[in-house]
Amino acid sequence: MLKLEEILVTRNWVGKPVRRKEDTRFVMGVATYVDDLDIDCHHVAFLRSPYAHARILKIDTSKAEALPGVIAVITGQEIARQTKPVVPRAFNKPAVQYVMAVNKVRYVGEPVVAVVAENQYLAADALDLIEVEYEALKPVVTIEDALNPKSPLIFEEAGSNVLLHDKMVHGNIEEIYKEADLVIKEHFKVHRYSSTPLEPWAIIVKYERANDSFVVWSNDQQHGRSIVNVCHTLGISTDKLRFIVPDSGGGFGVKLALWPYIVTLALLSKKANKPIKWIQTRTEHLLGGTHAPDADVEIDLALKKDGRILGLCIKDIQNDGSFVHTTGIYGLIKFATMSGCYNIKATSAELVSVVTNKGPTVQNRGVGKPTMIFVLERMVDLAAKKLGLDPAEMRFRNFIQPGQMPHTTPSGEVYESGDYPECLRKGLRHLGYDEFRKRQKDLRSKGRYIGVGISAGVEPGTSNLGYYYTSRGVPEYMGNAEGAIVGVDYDGNINVLLGSVDSGQGHATTTSQVVADMLAIHPDRVSMTNQLDSIISPFLGHSGVYSNKFNDVDLGAVIMATKKVRDKMLRIAAHMLGVDRSKLKLKDGTIYSSENGAKAVSFKEIASVAYKRILLLPEGEEPGLKEIAYYKTPFAKMPSRENFNIQITHSNSVHIAAVEVDVESGSIRLDRYIIVHDCGNQIHPEIVRGMAIGSTVHGIGASLYENFVYNEDGQLLASTFMDYLKPLSVGLPNFEVVHMESPCPYSLLGTKSAGEGGAITSLTALANAVEDALSPFGVKVTSLPLAPEKVVKAIRETKEI
Amino acid sequence: MIPNKFEYIRPNTLQEALSILSAYREDAKVLAGGQSLLSLMKLRLASPKYLIDLSGVPELNYIREESGRGNSARIAIGALTTYAQIKESAVLQAKSPLLVQTTHLIGDVQVRNRGTLGGSLAHADPAGDMPAAILALGAEIKAVGPKGARWIKAEDFFVTAFTTALSFDEIVAEVRVPVLKGYKTAYMKNAPRPSDFAIVGVAVCLQPDGGRTCQNITIGITGVTDKAYRAVGVEESLRGKQLDPKIIEQAASRVTDGVEVNGNIHASKEFRSYLASIWVKRAIQAAMSGA
Ligand SMILES: Cc1cc2nc3c(=O)[nH]c(=O)nc-3n(C[C@H](O)[C@H](O)[C@H](O)COP(=O)(O)OP(=O)(O)OC[C@H]3O[C@@H](n4cnc5c(N)ncnc54)[C@H](O)[C@@H]3O)c2cc1C
């Protein structure tokens, strides 16, 4: 692996909070999202199922087709005739699902008929004219419903509503349980929520009649894979699909699941011979724009009396709703954080994924790890209580020590670096832990209830994509990687093209910092085209913005491509100056001789030789100054059930929440919120800070407000932002963010992940704080969200939230 | 926003607006701040064929004191007056502050800048804040229609959810609230998040006798049932009584007497009733300790 000194020739930019490059464009409203593209389109609208579970008996679209301005209508049935079913990733059972409902609807909001019209208003009008006859079936809504053998089957051919059931044991779990002094057990329930980006799904598909192919514009998050999925489903070869990703207004995972709609739009654009546009509405997004699954988790910890955790067993049941493509992954990815920040010798995990008539699920910020850390960190508090230990002390007794890094968990995850005890010490000092406890006592005597909650979490990044296939066997994807093209133009300025497209992370800014320090120029001279075009950009099956991979493989690719360009410029400069390459240095956009500063050429002069006066190039040197590189993380293990790493980098954090509970009304006020965060070296500390806070707010929303409530008929009762309550800036505290930097030995710049962490660690900080505040009432928190009604009920009757 | 097709009309006088409304009858709707109507049109829950935008009718936007002796002094507020204007009104703040107090808890800045008093009342959202406040104030609403103007008492105005005593061809022109002397007022609400609609909202006008005895009290409640209502039971239990915590609490438990309480995902029926009693208590206490 390249050393940091070999990569960066100056240290002027990396690590500094430089002004973000992308903001001006966004703030001025001149960014180019799919809906801003100047393409003459027809519009599609979807008639969606009003039933959670029903047979489709008859569809009559004749009146809609007769409406002036309506161009084409397509039913799921017709789609099925022209496409292959959606391919599941994680399980082997047969479960046939197409990109639209065929014969049967499986969730409220599932697309049944698509209508293309001259504009979106007419398309929506036409939906009212379609007649569909349904035969309602008994809906399967909850996990209990799904597990009940008497319940109807959602996929008859699967023979069960359980699509994945696996058990994996790592370490000698039986011995460990014999060694234990006591075992504590608990059952947790986590509800459904989602990240709901500001810009929902957006797609334009244009059919090119000349060569029977398609051009897609979409804010897809994982286009590398989507190209494969769309082409496979349409049964076309990949040269028939050009995929373009323009600006994207937030992803958080849920834009990994939009590709089925690309399939539908492709068929429609061919039928209508016109570009077709679909901009998802908010309600469509909330109904079927994917959720994180709700989950039931049973967990037990094997403990020594002194507080040491020896081992843990979980039984994890995920309600994966109704999208077979991603069913099962929320269980498997838990191995990335299964033992949290602790020295745990053995784990046993029984993973169950059920399908129900709830909406589709897909990777949502943190993917399963928020649930894993929630149950684990709750258990640590419960264990502390049982053993009469302070929750902070309980954690100190179990933390992996800095001297034990790198640490390999029982299943093979490798935590590369970090100082977990110091992270907590810093947090406690920052809060003033002892004073808080005093104040808590004082206030209690006055009838006020404040509490503090600690949560320590591991926040992994860069997925080793083989993990999806752990239960199933044959991996289609493995490891992780990204591609980049770095070019120097006529004027000696640098442009970067990446295989992933920024959706809020600041790719252009951080890339320019790194390239600037690699080439000794000002970041203003580095630009980045925030667009992916599959016929121009470098990309792989792994390409996209997900799993915190940017700092690792995306920048890895940028670094490798920049290094190729730098090496070439050095070779050309050596030739132009007649100086040995080893004597050359870079400064302010020039290459000069370290022995004679007068001997210098600018990047522009070098570019002039590379692009125009090519006869002056050194012998054998190709013209041009543009290089492509792919970087794959060298630390991904081969998929295996015994020893595998789900993710490559592991940031960590301690969250400390101080809350006050109004015990009369059940409302929870956040008083203070401290995030001590270690993501290794930081390229841009302010972006990291923003990510830490933003992801934490996602977790706070999930803990307090957001909840996709379904009734027993499988109707979603939170289908607008009036009922699906996102957190607002009002009501949030000032976040106190403390950074630590334990460089990662496994990434080129010593960086780790920064984008998901808060969403993982925050849930328990709040839960633990509320339980602490309510300890005089003996209330235990075993579920989320912490809704006021549940809080009051727990205080007065049930003693359990 | 993908509404049904509609025609947009922007009259310049109230008279013109009324005649358009009479012509198109149930097919037309007037548009004030749009903070409720546009959301409904977006979801296609409302599909007016003609949208009569009142923003060109300046004669409906004012706050002025109307003289009168003693308790008959009134403040007249034009229907198109926005929440933001009410919030900043020195006259209201000095002479009848309850509406001002209420606006502090309505929506966010955008909603307060656009939303109007008349729109809020005419919309009659069962969880709207202003309906509770105007009930507590015993306000009167001036409706004008093809046959001229009539005054409707606040307590007669709200019929049920999203339904008022207005006829389809009438427009709310003005709301009159009393100048309050010797009263203390408060508006409080419980909502999931700061700018949300009320789970329960409570408006209190309290006339203490100088000491702790309650001479008179009126209480408007919103969010609890299909329309805003006066908590008559609570009022009765307090009139002439010492405002001791025990007495207030007992009285507060009568807040949902005789009403069918709503339940939804944010608060069940039982919890909402419970919260209503808590918030009545708190609002009375807030009024007592306030100006
Ligand atoms: C994000 C958000 C948050 C909100 N939060 C709150 C809150 O916390 N509390 C709260 O009380 N409300 C809240 N609202 C609703 C808001 O108060 C609305 O503005 C109000 O209910 C309607 O007033 P408007 O002027 O916007 O009316 P419009 O939306 O323009 O009209 C509403 C209805 O009233 C009719 N109408 C309007 N004016 C007249 C008139 N003069 N005569 C006859 N009919 C008329 C219209 O035809 C329509 O049917 C919120 C709204 C939003 C969008």
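The values are calculated or read from the model by the stated rules, or taken from the named source; none is laboratory data. These numbers were taken from a predicted model, which means no experiment stands behind them. Methodologically, a virtual Cβ is constructed for each residue, glycine included, from the backbone with ideal geometry; neighbour enumeration extends over all protein chains shown. The accessibility values were calculated without ligands, DNA or RNA, using every heavy atom of the protein model including side chains. Shrake-Rupley method; radii C 1.70, N 1.55, O 1.52, S 1.80 Å.
The 3J(HN,Hα) values that the Karplus relation (6.51, -1.76, 1.60; θ = phi - 60°) gives for the range A:476-489 are, in residue order, 8, 10, 9, x, 8, 6, 8, x, 8, 10, 10, x, 9, 8 Hz. Gly and Pro appear as x. With all protein chains in place and ligands, DNA and RNA left out, the 1.4 Å accessible area ranks A:Val9, A:Val779 as A:Val9, A:Val779, largest first. Per residue, the convex hull around the alpha carbon atoms of the protein assembly as shown comes to 197 Å³. Annotation: amide H of B:Asn264 within the under-5 Å range of B:Lys269, sequence separation 5 or more or interchain, hydrogens built in the peptide plane. Per-residue SASA remark: A:Trp217, around 40 Å² accessible (1.4 Å probe; ligands, DNA and RNA not included).
Here the sum of -39500 (n - 2.57) over DSSP H runs of 4 or more residues, divided by the residues of chain A, equals -8000 deg cm²/dmol at 222 nm, to the nearest 500.
With every protein chain present, what is the per residue accessible area of the range A:217-303 (1.4 Å probe, Å²)?
Heavy-atom accessible area per residue stands at 21 Å².
In straight-distance terms, cross-link reach from A:Lys16 covers every one of the aspartates and glutamates whose alpha-carbon lies under 16 Å from its own, apart from those fewer than eight places away in the same chain; here that gives A:Asp517, A:Asp524, A:Glu686, A:Glu741.
Per the Debye formula on identical point scatterers at the alpha carbon atoms of the range A:522-593, with no solvent, log10 I(q)/I(0) at q = 0.15, 0.18, 0.26 Å⁻¹ is -0.69, -0.86, -1.23. Of all lysines in the structure, those lying under 21 Å Cα to Cα from A:Lys315, and not within fewer than 8 positions of it along the same chain, are A:Lys93, A:Lys167, A:Lys178, A:Lys185, A:Lys189, A:Lys334, A:Lys345, A:Lys369, A:Lys780.
Counting only DSSP beta bridges with both residues in chain B, tell me the antiparallel percent, nearest 5. Just about 85 percent of them are antiparallel. In terms of its Cα atoms, the range A:716-762 spans 47, 27, 15 Å along the principal axes, sorted from long to short. Along its first, second and third principal axes, ordered by size, the range A:126-283 spans 72, 41, 32 Å in Cα coordinates. The DSSP beta bridges internal to the range B:24-151 are antiparallel in roughly 70% of cases. Considering only B:Val111, B:Ser289, A:Asn148, the residue lying farthest towards the positive end of the dipole of the protein assembly as shown is B:Ser289, judged by Cα position with unit charges set on Cβ. Over all other residues within a Cβ to Cβ distance under 15 Å of B:Glu174, the charged ones net out to +1, with Lys and Arg as +1 and Asp and Glu as -1. Taking all protein chains into account, the per residue accessible area for the range A:488-540 stands at 28 Å² (1.4 Å probe). Across the accessible surface of chain A, with the other protein chains kept in place and a 1.4 Å probe, carbon and sulfur atoms take up 51 percent. Interface burial in the range B:236-284, defined as at least 30 Å² less accessible area with all protein chains than with the chain alone at a 1.4 Å probe, covers B:Ile265, B:His266, B:Phe271, B:Tyr274, B:Arg282. Dipole magnitude for chain A: about 1040 debye, using +1 per Lys or Arg Cβ and -1 per Asp or Glu Cβ, origin at the Cα centre. Packing-based ranking of A:25-36, B:173-184, B:124-135 yields B:124-135, B:173-184, A:25-36, ordered from highest to lowest mean Cβ neighbour count within 10 Å. Checking an interface number: how much accessible area is buried between B and A, summed over both chains, with a 1.4 Å probe, in Å² rounded to 100? Protein heavy atoms only, the B-A interface buries about 2000 Å². Centre-to-centre separation between the Cα atoms of the range A:469-489 and those of the range A:534-570: 11 Å.
Farthest towards the positive end of the charge dipole of the protein assembly as shown, among the residues A:Leu615, A:Pro260, A:Ser582, is the Cα of A:Ser582, using unit charges on the Cβ of Lys, Arg, Asp and Glu. Simple point charges give the picture: +1 on the Cβ of Lys and Arg, -1 on the Cβ of Asp and Glu, and for the range A:1-90 a dipole about the Cα centre of about 520 debye.
Over the range A:69-207, accessible surface divided per residue gives 41 Å², non-protein components excluded, 1.4 Å probe. Counted as membrane-span-like here are DSSP H helices of chain A whose alpha-carbon atoms extend 30 Å or more along the helix's own axis and whose Kyte-Doolittle mean is 0.5 or above; these are A:555-577.
Taking 27 Å as the limit for the C-alpha separation, the pairs A:Lys386/A:Lys790; A:Lys793/B:Lys87; A:Lys583/A:Lys626 exceed it in the case of A:Lys793/B:Lys87. Between the range A:97-151 and the range A:402-416, the alpha-carbon centres lie 46 Å apart.
Relative to the current alpha-carbon distance between B:Ser39 and B:His104, full extension at 0.36 nm per residue lengthens the span by 21.2 nm.
For A:Val102, no residue whose modelled amide H falls within less than 5 Å of its own remains once neighbours fewer than 5 places apart on the same chain are excluded.
Remark on A:Met528: its backbone amide H falls under 5 Å from those of A:Val496, a criterion applied only to residues 5 or more positions apart or on other chains, H modelled at 1.01 Å from N.
Each of A:Glu800, A:Glu416 has its accessible area taken with a 1.4 Å probe; listed largest first, they run A:Glu800, A:Glu416.
Per-residue 3J(HN,Hα) values for the range B:179-188, derived from phi via the Karplus relation 6.51 cos²θ - 1.76 cosθ + 1.60 with θ = phi - 60°, read 6, 9, 10, x, 10, 10, 10, 7, 10, 9 Hz in sequence order (x marks Gly and Pro).
With +1 assigned to the C-beta of every Lys and Arg and -1 to the C-beta of every Asp and Glu, and no other charges, what is the dipole magnitude of the range B:65-204 about the Cα centre in debye, to the nearest 20? Provide the component values of the computation, followed by the final result.
Details: 15 positive and 13 negative charges, 78 e Å.
Value, rounded to 20: 380 debye.
Size descriptors for the range A:308-443, from the alpha-carbon set: Rg then Dmax equal 17.6, 54 Å.
Positive end of the dipole of chain A (Cβ unit charges, origin at the Cα centre): among A:Val362, A:Asn645, A:Ala210, the Cα lying farthest that way belongs to A:Asn645.
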